[in-house]
Amino acid sequence: MGAGQVIIILLAVLGLCALMQLMLHMLYRSGKDFGTLVLVLHLSGHREDIEYELRCARDRLRETEGFEQKRLLLVDDGMDSETRELCRCFLYKTPGVSYCSREEFANMQALQYTEID
């Protein structure tokens with residue numbers, strides 16, 4: 001067997017694996033979307049890579065399936081002014097993104113886990 005034939009066989013095996021993965025994904029996927037997925041990012045200090053982090057979080061939410069709504073929540077745990085300004089710019093350009101302080105997030109968490117009789 002030549003090197004070309006080995007490469008073709010490897011690519012065929014990889015293609016079959018990808019096809020099987022796609023078929024399993026389609027079989028196990030439910031037809032209904034329900035619930036809300038909230039991805040929370042706690043940000044503090046000066047972040048050089050904040051734009052990259054925000055774009056990655058947005059893309060991760062887009063790829064997630066099975067939820068009716070998807071939201072990104074940015075929590076200010078002591079960001080510097082430059083990082084805060086970049087977050088606000090991202091906030092205005094991207095729908096489904098919220099911004100809150102550490103105290104507001106603590107109050108939201110307390111309300112979320114409070115049981116009401």
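Mind listing the long-range amide H neighbours of Phe67? Cut-off is under 5 Å, sequence gap 5 or more, other chains count too, H placed in the peptide plane at 1.01 Å from N.
Phe34
Give me the net charge of Arg102's neighbourhood, meaning all other residues with Cβ under 9 Å from the Cβ of Arg102; Lys, Arg count +1, Asp, Glu -1.
-4
Classify region 1-55: rounded, prolate or oblate, from the alpha-carbon gyration tensor (a ≥ b ≥ c, eigenvalue square roots; a/c under 1.5 rounded; otherwise prolate if a/b is larger than b/c)? Spell out each step's value before the answer.
Numbers: a/c = 7.17, a/b = 1.62, b/c = 4.43.
Here region 1-55 falls in the oblate category.
How far, in degrees from 0 to 90, does helix 102-112 lean away from the longest principal axis of the Cα atoms of the chain, to the nearest 10?
It works out to around 80 degrees.
Can you give the angle from 0 to 90° between the axis of helix 81-93 and the longest principal axis of the chain, with both taken from C-alpha atoms, to the nearest 10?
With both axes taken from Cα atoms, the answer is about 60 degrees.
Does the chain come out rounded, prolate or oblate by the C-alpha gyration tensor, with a ≥ b ≥ c the root eigenvalues, rounded set by a/c under 1.5 and, if not, prolate when a/b is larger than b/c and oblate if not? It would help to have the intermediate numbers written out before the result.
On the way: a/c = 3.61, a/b = 1.75, b/c = 2.06.
Here the chain falls in the oblate category.
Apply the Karplus curve 6.51 cos²θ - 1.76 cosθ + 1.60, θ = phi - 60°, to the phi angles in region 46-59 and return the couplings in whole Hz, x for Gly and Pro.
3J(HN,Hα) across region 46-59, in whole Hz: 8, 10, 5, 9, 4, 5, 5, 4, 5, 5, 5, 5, 4, 5.
How high is the relative contact order of the chain, in percent, counting Cα pairs under 8 Å that sit 6 or more residues apart?
Over the chain, the number comes to 25 percent.
Counting each DSSP H run of 4 or more residues in the chain as -39500 (n - 2.57), what helix-only mean residue ellipticity at 222 nm follows after dividing by all residues, to the nearest 500 deg cm²/dmol?
Dividing the helical sum by the residues of the chain leaves -18000 deg cm²/dmol.
With springs connecting C-alpha atoms under 10 Å apart, model the chain as a Gaussian network and identify which of Val13, Val40, Val75 has the largest mean-square fluctuation.
Val13
Are there trypsin sites (Lys or Arg not before Pro) in region 1-102 that DSSP puts in a loop and that have at most 15 other Cβ atoms within 10 Å, and which ones?
Passing both the DSSP loop test and the Cβ count: Arg29, Lys32.
Choose one answer from Ala106, Ala57, Ala12: the residue with the largest mean-square fluctuation in a GNM of the chain with alpha-carbon springs under 10 Å.
The residue with the greatest mean-square fluctuation here is Ala12.
Could you tell me how many degrees, from 0 to 90 and to the nearest 10, lie between the Cα long axis of helix 3-28 and the main elongation axis, the longest principal axis, of the Cα atoms of the chain?
Orientation of helix 3-28: about 50 degrees from the principal axis.
With the other protein chains left in place, how much accessible area per residue, in square angstrom, belongs to region 34-105 at a 1.4 angstrom probe?
Here the residues of region 34-105 average 63 Å² of exposed surface.
The values are calculated or read from the model by the stated rules, or taken from the named source; none is laboratory data. Here the structure is a predicted model, which is why all the values come from computation and not from measurement. With ideal geometry, Cβ positions are generated from the backbone for all residues, glycine too; neighbour counts draw on all protein chains shown. Accessible surface areas use protein heavy atoms only, side chains included; no ligands, DNA or RNA. Shrake-Rupley method; radii C 1.70, N 1.55, O 1.52, S 1.80 Å.
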